[in-house]
Amino acid sequence: MTFKFRLESLITIRDNILKERQSELAKAYDARKIVEETENKINTELQNNFEINRRKLQESGVLDVEYLLSLQRRNAYLNSQLNIIKHDLAQIDDEIERRKQAVIEAHTDMKIVEKLKEKKQNKYQQNELKKEIIAMDETATIRAARKE
């Protein structure tokens with residue numbers, strides 16, 4: 001006779017929940033990475049705009065007011081986008097924290113059921129060992145009785 005844990009389906013369910021929570025956390029990290037890449041592109045563009053503006057001024061010595069105004073508008077737009085991205089990153093970080101907690105809870109739930117299974121399996125093995133010992137004792141008693 002082999003050990004059968006009645007709550008094996010619960011372990012499967014908890015394992016699926018844990019995997020789902022881990023997947024959700026990975027998606028949140030992916031979203032953060034995408035937003036960070038966008039932030040880096042905007043920062044690079046702002047830096048490039050500054051360098052282009054500095055070079056143009058050094059090369060020509062003449063200020064093109066229209067160009068400067070359009071560059072200033074573009075930089076203002078990019079800075080507003082950076083503010084939005086910072087807000088988005090804060091929200092994503094909050095979501096990541098929530099999802100981390102969900103993973104921890106799912107992991108804890110899984111460990112609880114696994115510990116229960118382990119205890120039940122140990123108890124089953126101890127009972128089987130007791131049965132074997134009793135059977136051996138009975139066999140030894142019968143053999144001893146036959147010899148007499």
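R0 = 25 Å: FRET efficiency of K41 with Y67, Cβ-based, nearest 0.05?
So the FRET efficiency works out to roughly 0.70.
I need the peptides 129-142, 105-118 ranked by packing, meaning the mean over residues of other C-beta atoms within 10 angstrom, with the highest value on top.
105-118, 129-142
Pick from S23, S80, S60: which is most flexible by mean-square fluctuation in a GNM of the chain where alpha carbon atoms under 10 Å apart are linked?
S60
Compute the signed sum of charges (Lys and Arg +1, Asp and Glu -1) over the other residues within less than 14 Å, Cβ to Cβ, of E8.
For residues surrounding E8, the net value is +2.
How would you order 13-21, 38-46 from highest to lowest mean count of nearby Cβ atoms within 10 Å?
13-21, 38-46
How many nm is it between the label spots at K119 and E138, if each spot is 7 Å from the Cα in line with the beta carbon?
Rounded to a tenth, the inter-label distance reads 3.1 nm.
Just the C-alpha atoms of the stretch 8-147: what Rg/Rh do they give, with Rh taken as the Kirkwood radius?
1.58
Would you calculate a helix-derived [θ] at 222 nm for the chain, using -39,500 (n - 2.57) for each DSSP H run of n ≥ 4 and dividing by the full residue count, to the nearest 500?
Theoretical 222 nm ellipticity from helices: -35000 deg cm²/dmol.
FYI, it's all coordinate maths here, none of it is from the lab. Just so it is clear, the model here is predicted, and its values are computed rather than measured. For neighbour counting, all protein chains shown are included, and Cβ atoms are generated from backbone atoms with ideal geometry for every residue, glycine included.
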